[in-house]
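Take a look at the structure set out below.
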Amino acid sequence: MKVSVKNIKGMHFQGEGSSKVITNIDSSVTAGGSGHGTNPMELLLMSIAGCSGMDVVSILGKMQIKVQRFEMTVEGERASDHPRVFNDIEVVYKFWGESLPEEKLHRAVQLSMSKYCSVANMIDKVADLTYRIEVNPVIA
């Protein structure tokens with residue numbers, strides 16, 4: 001796997017992988033950037049959710065479980081001293097749908113987090129990575 005990242009101006013960078021999709025990376029204005037992209041630590045949290053979310057969608061599809069809506073939030077607590085790594089990260093899986101089998105939702109998430117999601121398994125070696133599941137009523 002290989003990506004390229006080029007400096008646009010100041011703290012603004014653009015990254016590109018094999019998909020050729022451009023990802024803007026930047027710092028906030030208060031941190032010396034222009035605010036034209038996502039900061040690297042936020043990208044890391046998004047990577048956990050994206051990786052695990054893809055697994056969960058695939059696993060639930062194989063289980064023939066249909067969800068109306070599926071979202072995740074990821075919150076990380078960083079160390080106060082440099083290099084300010086994440087110490088604690090929590091992923092919240094939010095599902096909406098009719099008569100969703102909670103045990104299968106838990107199983108899909110557990111398989112992703114413990115076996116399939118490379119990003120989560122890598123991060124879990126250096127931070128306390130936890131998760132929980134919320135099942136919500138159908139949206140009209």
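Quick notes on this structure:
- Test set (1) under 25 Å from M11 (Cβ atoms); (2) among the aliphatic types (A, V, I, L, M); (3) crowded, with 19+ Cβ neighbours inside 10 Å - M113 fails condition number: (1)
- Failed item, numbered, when I89 is tested on (1) surrounded by 13 or more Cβ atoms within 10 Å (Cβ to Cβ); (2) closer than 30 Å to K9 by Cα: (2)
- Residue in the stretch 42-69 that is farthest from the chain's Cα centre (by Cα), counting only those that are more than 20 Å from E134 (Cβ to Cβ) and not aliphatic (A, V, I, L, M): Q64
- Lone qualifier among S80, S47 - being outside any helix (DSSP H, G or I), under 28 Å from N7 (Cα atoms) and among the polar types (S, T, N, Q): S80
- The residues listed here are K62, K94; of these, the one that is of a type in the set (K, R), free of Cβ contacts under 8 Å to residues at least 40 places away in the same chain and open to solvent by 30 Å² or more (accessible area, probe 1.4 Å) is K62.
- When T30, T23 are screened for being of a type outside the set (K, R), within 30 Å of G10 (Cα to Cα) and out of contact with any Gly (no Cβ under 7 Å at 6 or more places or on another chain), only T30 passes.
- Here D55 qualifies as open to solvent by less than 60 Å² (accessible area, probe 1.4 Å) and among the charged types (D, E, K, R).
- Test: E90 is acidic (D, E), touching a Ser or Thr at 6+ places or on another chain (Cβ under 7 Å) and at negative phi: yes
- Residue that is least open to solvent (accessible area, probe 1.4 Å) [pool: residues in the stretch 9-22 that are assigned to a strand (DSSP E or B) and without any contact (Cβ under 8 Å) to a residue 24 or more places away in the chain]: G15
The values are calculated or read from the model by the stated rules, or taken from the named source; none is laboratory data. All values derive from a computational prediction rather than experimental measurement. Ideal geometry is used to build each Cβ from the backbone, glycine not excepted, and the neighbour counts take in all protein chains shown. Accessible surface is based on the protein model in full, side chains and every heavy atom, while ligands, DNA and RNA are left aside. Shrake-Rupley method; radii C 1.70, N 1.55, O 1.52, S 1.80 Å.
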